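These notes are about the structure you will find just below.
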Amino acid sequence: MDGLLVVDKPSGPTSHDVVARMRRALRERRIGHTGTLDPMASGVLPLVIGRATRLARFMPSDDKRYDAVVRLGWATDTCDAMGRPTGPAWSAELPGRDAIATALAQFVGTALQQPPAYSAKKIAGERSYRLARRRAAGTTGDGPAADDEPLPAPAMVTAHELELIAVDGDRLTVRVRCSSGYYVRSLAHDLG
């Protein structure tokens, strides 16, 4: 089987998990994805199958669109709801809608963005999330973890549009149109 399969990835599995399931279901070893979605993210995940895997590098890396829910007042080590809190929750009054929209507008454009420590980016050939997990456990491959272990290198990304859709207490719904390689989790962390 050769071609492109568009999968509606649910929240939970990694992009690699989806590929592994499709390999088993289709009995096809040559399957890959054309862009990673975080495990918590749901949405379109295009898969290339068979001989089409060779064409994946020629596929355009068009803009991505996301609707994201951002919770104000707390931060986690993974920059998402699955992580461990990195400090106490914010107890003072949260900013109003206009202040949030003004802050969000500052992130529109092209800039260097720091990928989260828990990301698939590589540091010296190893996935950053593996290093971060070892650091969280208090060990590295060669002994105790150092608190100053490097983060993935910042990357030049573009936020074409950032629209504040709704504010419901401490939760914001934000519509994002961005370049490939953009981390919405990093936006949420930086906005906070």
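The values are calculated or read from the model by the stated rules, or taken from the named source; none is laboratory data. Treat the numbers as computed from the prediction; the structure is a model and nothing was measured. Note: ideal-geometry Cβ built from the backbone for every residue, glycine included; neighbour counts use all protein chains shown. All accessible areas refer to the heavy atoms of the entire protein, side chains included, with ligands and DNA or RNA removed. Shrake-Rupley method; radii C 1.70, N 1.55, O 1.52, S 1.80 Å.
Take K122, K9 and sort them by solvent-accessible surface of the protein heavy atoms, 1.4 Å probe, largest at the top.
Final ranking, largest accessible area leading: K122, K9.
Roughly how much of E161 is accessible, in Å² to the nearest 10, using a 1.4 Å probe?
We get 90 Å² for E161.
So I have (1) 38; (2) 52; (3) 26, and one of them is percent of Cα pairs over 27 Å apart calculated from this model. Which one is it?
Recomputing percent of Cα pairs over 27 Å apart here picks out (1).
Using amide H atoms built in the peptide plane, which far-off residues or other-chain residues are under 5 Å from V7 H to H?
It is L45, L47, by chain and number.
Round to the nearest 0.05 the FRET efficiency obtained for M1 and Q114 when R0 = 45 Å and r is the Cβ-Cβ distance. Before the final figure, lay out each step's value.
Working: r = 40 Å, r/R0 = 0.88.
Step by step, r from the Cβ atoms, then E = 0.70.
In percent, how large is the relative contact order of the chain, given Cα pairs closer than 8 Å and 6 or more residues apart?
Value for the chain: 22 percent.
Could you give me the ³J(HN,Hα) list for the stretch 82-93, computed from phi with Karplus coefficients 6.51, -1.76, 1.60 and θ = phi - 60°, whole Hz, x at Gly and Pro?
So the Karplus estimates, Gly and Pro as x, are 7, x, 8, x, 9, x, x, 5, 5, 10, 7, 5 Hz.
Residue by residue through the stretch 172-182, what is 3J(HN,Hα) from phi via Karplus (6.51 cos²θ - 1.76 cosθ + 1.60, θ = phi - 60°)? Round to whole Hz and write x for glycine and proline.
10, 10, 10, 9, 10, 10, 9, 7, 4, x, 7
Could you calculate the contour length gain from A99 to H160, that is, 0.36 nm times the residue separation minus the distance between their Cα atoms, to one decimal place in nm? Don't skip to the answer; put the middle values down first.
On the way: separation 61, 0.36 × 61 = 21.96 nm, distance 1.99 nm.
Computed gain between A99 and H160 is 20.0 nm.
How would R185, R71 line up by accessible area, probe 1.4 Å, largest first? Kindly include the intermediate steps, with their values, before the conclusion.
Numbers: R185 25, R71 105 Å².
Ranked from most to least accessible, the order is R71, R185.
Show which lysines lie in cross-link reach of K64 when reach means a straight Cα distance below 19 angstrom and same-chain residues fewer than eight apart are skipped.
Counting by Cα, and skipping residues close in sequence, K64 has these lysines nearby: K9, K121.
Could you sort R177, R130 by accessible area so the largest value comes first, with the probe set to 1.4 Å?
Sorted descending by solvent-accessible area, the residues read R130, R177.
Ignoring ligands, DNA and RNA, what percent of the 1.4 Å accessible area of the chain is carbon and sulfur?
Carbon with sulfur: 52 percent of the solvent-accessible area.
Enter the accessible area per residue of the stretch 1-142 (Å², integer; probe 1.4 Å; all protein chains in place).
On a per-residue basis, 66 Å².
Which value, in Å² and to the nearest 10, is the accessible area of M40 when all protein chains are kept and the probe is 1.4 Å?
Taking all protein chains as shown, M40 has close to 80 Å².
Which semi-axis lengths, in whole Å and largest first, follow from the square roots of five times the eigenvalues of the Cα gyration tensor of the stretch 150-192?
Semi-axes, largest first: 22, 14, 6 Å.
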